[in-house]
1. I'd like the full set of residues that are small (Gly, Ala, Ser) and either over 24 Å from THR254 (Cβ atoms) or in contact with a Phe, Trp or Tyr (Cβ under 6 Å, 6 or more places away or on another chain) (or both), limited to the range 1-35.
2. Taking PHE86 as the residue in question, decide whether it is under 20 Å from THR168 (Cα atoms), part of a helix (DSSP H, G or I) and at pLDDT below 90.
3. Please state which of the following conditions ARG65 fails to meet, knowing it meets all the rest: (1) under 18 Å from VAL171 (Cα atoms); (2) buried (at least 17 other Cβ atoms within 10 Å of the Cβ); (3) of a type in the set (Lys, Arg).
4. What helices (runs of 4 or more DSSP H) completely inside the range 223-286 contain at least 3 residues that are at pLDDT below 75, open to solvent by less than 60 Å² (accessible area, probe 1.4 Å) and farther than 21 Å from LEU166 by Cβ?
5. What about SER43, is it under 30 Å from ILE271 (Cα atoms) and in a helix (DSSP H, G or I)?
6. Which residues, counting only those in the range 164-212, are among the hydroxyl-bearing types (Ser, Thr, Tyr) and part of a helix (DSSP H, G or I)?
7. Pairs please, first residue from the range 201-218 and at positive phi and open to solvent by 10 Å² or more (accessible area, probe 1.4 Å), second anywhere and small (Gly, Ala, Ser) and in a helix (DSSP H, G or I), Cβ atoms under 6 Å, 6+ apart in sequence or on different chains.
8. Find the residue count for the range 160-200, including only residues that are of a type in the set (A, V, I, L, M, F, W, C) and either within 24 Å of LEU115 (Cα to Cα) or without any contact (Cβ under 8 Å) to a residue 24 or more places away in the chain (or both).
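The values are calculated or read from the model by the stated rules, or taken from the named source; none is laboratory data. Remember, it's a predicted structure, so these values are computed and weren't measured experimentally. FYI the Cβ positions are ideal-geometry reconstructions off the backbone, even for glycines, and counts take in every protein chain you see. Protein only, heavy atoms only, side chains kept; ligands, DNA and RNA dropped before computing areas. Shrake-Rupley method; radii C 1.70, N 1.55, O 1.52, S 1.80 Å.
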Amino acid sequence: MHSLSPKSRAILLMIGAIFFFSAMDATAKELTRHIGTLPTVWSRYAGQSLMVLLIVSPRLKQVARTQFPWLQLARSVLLMIGTVCFFSGLAHIGLAEATAIMDINPVLITLGAALFLGEHLGPRRLLGIAASLVGALIVIRPGSGVFSIYALYPLGGALAYSAYSLVTRFVGRAEDPWTSLLYTGLFGAVILTCIVPFFWVTPSWTAIGLMAILAVCGTLSQLLLIRALGMGEAAMLAPFAYTGLIFAGVWGITLFGEFPDLWTIVGALVIAVSGIYVWHRETRGS
């Protein structure tokens, strides 16, 4: 990694983050069948908070110091809203379809980064975003059965996640990644711990194993995302969020028997090619 340029490292970190996000989503889809949506969301936040506290405990006072307490609170609230919305959608529609709807967020992130963070919005970034969005539209094919009332859940998740990513990019310029990671899950864990007893379902051993996987994937995905956004501009990294569609397709096949059709494969290829193009132009182009 150290031999790569900062942009290449940021892109690799972003792809790694999306991989673990997709693994977390696949785990959450299965876990909701065992214990329901709210306990699943609680598992994600409580597990991440516990893992981070154990890792940073030797230097907790230092990590807990933040220059942006209100923005860190906003990040946690936005991510919690996005998670609840997306996991609620997963309980009713397919993993690849929910991911495709959620993947409107790179467009929102790119525009928001230009409007609120002053990041450059050049033609190659716009082209990469546009091509990736076309790939996502090929996958979900507007007018198909994907667009039920339950599709509003991942759509709301996309709005919340886009705002979360922009705030993360802003605070990531100055904060320790572990500080952001600590506050990412802390608020959600506290609030959901107060609410979850009213929705509690005693988990089986299988569910407990899934809860542990959920916590690990959630922690790794957030850490990699925070580091990626601390190193690279949000607009540059936005197209690589669409790789989540490819990962979701793989999880759908291997875990849920959801086989993609021809158009889903075509859309995934368009997304992959557009991501490779942006990577090449950002790291090699003049």
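1. Residues of the range 1-35 small (Gly, Ala, Ser): 3, 5, 8, 10, 16-17, 22-23, 26, 28.
The answer is SER3, SER5, SER8, ALA10, SER22, ALA26, ALA28.
2. Here the answer is yes, as PHE86 does meet what is asked.
3. Condition (2) is where ARG65 drops out.
4. Hits in the range 223-286: 262-283.
5. No: the conditions fail for SER43.
6. Hits for the range 164-212 are TYR164, SER165, THR168, THR179, SER180, TYR183, THR184, THR193, THR206.
7. Pairs found: none.
8. Narrowing the range 160-200 to residues of a type in the set (A, V, I, L, M, F, W, C): 160, 163, 166-167, 170-171, 174, 178, 181-182, 186-187, 189-192, 194-196, 198-200.
Filter once more, so that each one left must be either within 24 Å of LEU115 (Cα to Cα) or without any contact (Cβ under 8 Å) to a residue 24 or more places away in the chain (or both): 160, 163, 166-167, 170-171, 174, 190, 194, 198.
Adding up the residues that qualify gives 10.
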